[in-house]
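What follows is a single structure, written as structure tokens, with notes after it.
Computed from the coordinates by the stated procedures, all read-outs in this text should not be read as laboratory data. Predicted model only: the values in this text are computed from it and were never measured. Cβ placement follows ideal geometry from the backbone for every residue including glycine, while neighbour counts extend to all protein chains displayed.
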Amino acid sequence: MLGPALVGLTACGATSPISSASRSVTGPEPPARSAAAGSSATGNGHPSESAAPSSGSTLGDPVATRSAAVKGTAADVELYPIARDGTLVHVTLALRSDESATVGDALSDNRSDAGQADSYAADGITLIDAEHGKLYLVASDGRGHCLCTQTGPMTLGESPTLVTASFRAPPAAVTRLDVSVPSFGVFAHVPLA
């Protein structure tokens with residue numbers, strides 16, 4: 001099991017230490033989403049590429065939307081409330097593009113030595129608790145696999161594609177976190193549902 005790491009964060013010219021949650025988490029697997037949510041798991045325990053939620057989905061309404069370039073192609077992201085589930089929290093994004101776009105490593109932290117051995121995963125998504133000085137990295141099974149969507153074969157199109165990432169849950173008193181998504185930037189004050 002990997003221990004907590006110290007990460008430096010520079011803000012307004014000052015450096016303040018931010019303790020990150022351990023990438024290795026023991027506990028329940030992320031919850032299976034209903035067919036209405038359009039998410040499924042592959043046989044290897046990793047979420048698979050899937051269609052977007054339908055109207056009346058268990059994800060609810062997105063809390064933020066944004067457009068950016070993914071691998072040089074314009075894409076849109078919808079961010080849903082962070083779902084609390086016991087010792088874990090789950091971030092869900094719906095991505096789409098008017099043109100065909102391959103996600104590849106666009107959502108990765110591109111660090112094979114930290115959490116995910118494969119760079120084609122959504123392990124670059126992070127949660128930031130600025131009030132308490134914590135940075136949460138995507139959880140790992142401790143064997144080089146993140147608890148997040150594998151993005152290598154994922155191709156975006158007009159139909160939304162879900163991407164998920166799971167993290168160690170912050171204390172119950174924390175009701176909002178900032179979500180950093182590679183290519184799309186930081187989404188501030190995202191509620192925990």
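Computed values, structure above
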| item | result |
| --- | --- |
| Percent of alpha-carbon pairs separated by more than 13 Å within segment 148-193 | 70 |
| Cα-Cα P(r), segment 73-146, percent of pairs per 5 Å interval | 3, 13, 20, 23, 20, 14, 5, 1, 0 |
| By average C-beta atoms within 10 angstrom, highest first, the peptides 133-140, 122-129 | 122-129, 133-140 |
| Spread of Cα-to-Cα distances over 10 Å intervals beginning at zero, given as percent, for segment 51-193 | 12, 44, 36, 8, 0 |
| Order of 67, 108 - criterion: other Cβ atoms within 10 Å of each residue's Cβ, fewest first | 67, 108 |
